[in-house]
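A.B. asks: Questions regarding the structure given below will be posed in turn.
The values are calculated or read from the model by the stated rules, or taken from the named source; none is laboratory data. Since the model is a prediction, treat every value here as computed from it, not as a measurement. Virtual Cβ from ideal backbone geometry, glycine too; neighbours counted across all protein chains shown. These accessible areas exclude ligands, DNA and RNA; they are computed on the full protein's heavy atoms, side chains included. Shrake-Rupley method; radii C 1.70, N 1.55, O 1.52, S 1.80 Å.
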Amino acid sequence: MVWDHCTKIRKKDDTGVERIIGVCNYCKAEMSADPKRNGTTGLKTHLERRCKLSPIYAKGDANQSVLAQGG
C-alpha cells in the first residue's frame, strides 16, 4: 500500500482550496493524492519508478524484455 511509504497531509493551494497531498517518506517529494481528484496512482508510480531511495524501486523498465546474448 502506498500510504506505508508516504505521509498524507492537507495543504492549501494557491487559490486557498485545501487539497490532500502525499509526501514520499524517502525523498520528501510532494505529489497530488486527493482521492476525489487524482487518486494514488502518481504516488505508486513515484515509488516504483522515480524514487531511487524507495525499497520498492524497480530498476529498469518492467515492460521491456531482456535479450540473451547468443554465442
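A.B. asks: Over all alpha-carbon pairs of the chain, lay out the pair-distance distribution in 10 Å bins, whole %, shortest bin first.
C.D. replies: Once binned at 10 Å, the Cα pair distances of the chain give 19, 41, 23, 10, 5, 2, 0.
A.B. asks: Any chance you could get the radius of gyration and Dmax over the Cα atoms of the stretch 1-41, in Å?
C.D. replies: For the stretch 1-41, the Cα radius of gyration and maximum Cα-Cα distance read 10.1, 31 Å.
A.B. asks: Taking the Cα centre as origin and putting +1 on Lys and Arg beta-carbons and -1 on Asp and Glu beta-carbons, what dipole magnitude results for the chain, to the nearest 20 debye? Don't skip to the answer; put the middle values down first.
C.D. replies: On the way: 13 positive and 8 negative charges, 24 e Å.
So the dipole magnitude of the chain works out to roughly 120 debye.
A.B. asks: Please list LEU53, LEU43 from largest to smallest accessible area, probe radius 1.4 Å, with all protein chains kept in place.
C.D. replies: Values: LEU53 115, LEU43 0 Å².
Of LEU53, LEU43, the descending order of accessible area is LEU53, LEU43.
A.B. asks: Taking 23 Å as the cut-off for C-alpha to C-alpha distance, list the pairs among LYS36/LYS59; LYS11/LYS52; LYS12/LYS52; LYS8/LYS36 that go past it. Walk me through the numbers on the way to the answer.
C.D. replies: Working: LYS36/LYS59 31 Å; LYS11/LYS52 25 Å; LYS12/LYS52 28 Å; LYS8/LYS36 14 Å.
Result: LYS36/LYS59; LYS11/LYS52; LYS12/LYS52 exceed 23 Å.
A.B. asks: OK, next. May I ask which residue of VAL17, CYS27, HIS46 lies farthest towards the positive end of the charge dipole of the chain, with charges of +1 (Lys, Arg) and -1 (Asp, Glu) on Cβ and the Cα centre as origin?
C.D. replies: Value computed over the given set: VAL17.
A.B. asks: In addition: How much solvent-accessible surface does CYS24 expose, in Å² to the nearest 10, with a 1.4 Å probe and all protein chains in place?
C.D. replies: Spelled out: CYS24, probe radius 1.4 Å, area about 0 Å².
A.B. asks: At 0.36 nm per residue, and after removing the present C-alpha to C-alpha distance, how many nm does the segment from GLN69 to CYS27 gain when stretched out fully?
C.D. replies: On the way: separation 42, 0.36 × 42 = 15.12 nm, distance 3.65 nm.
Once the chain is fully extended between GLN69 and CYS27, it gains 11.5 nm.
A.B. asks: Further question on the same structure: Stretch ARG50-ASP34 to full length: gain in nm at 0.36 nm per residue minus the Cα-Cα span? Intermediate results must be reported in sequence, preceding the final value.
C.D. replies: On the way: separation 16, 0.36 × 16 = 5.76 nm, distance 2.00 nm.
Stretched fully, the ARG50-ASP34 segment lengthens by 3.8 nm.
A.B. asks: Leaving out ligands and nucleic acids, note down the accessible area per residue over the chain with a 1.4 angstrom probe, in whole Å². Intermediate values should be presented prior to the final figure.
C.D. replies: On the way: 5640 Å² over 71 residues.
Result: 79 Å² per residue.
A.B. asks: How many percent of the accessible area of the chain is carbon or sulfur, using a 1.4 Å probe?
C.D. replies: Values: 2710 of 5640 Å².
Roughly 48 percent of what the probe reaches on the chain is carbon or sulfur.
A.B. asks: Could you work out the longest stretch of the chain that avoids the trypsin sites (Lys or Arg not before Pro) located in DSSP loops with at most 11 other Cβ atoms within 10 Å?
C.D. replies: Values: sites that count: LYS28, LYS36, ARG37, LYS52, LYS59.
So the longest stretch without any such site is 1-27.
A.B. asks: Tell me, what is the percent relative contact order of the stretch 1-64, built from C-alpha pairs under 8 Å that lie six or more residues apart?
C.D. replies: This gives 23 percent for the stretch 1-64.
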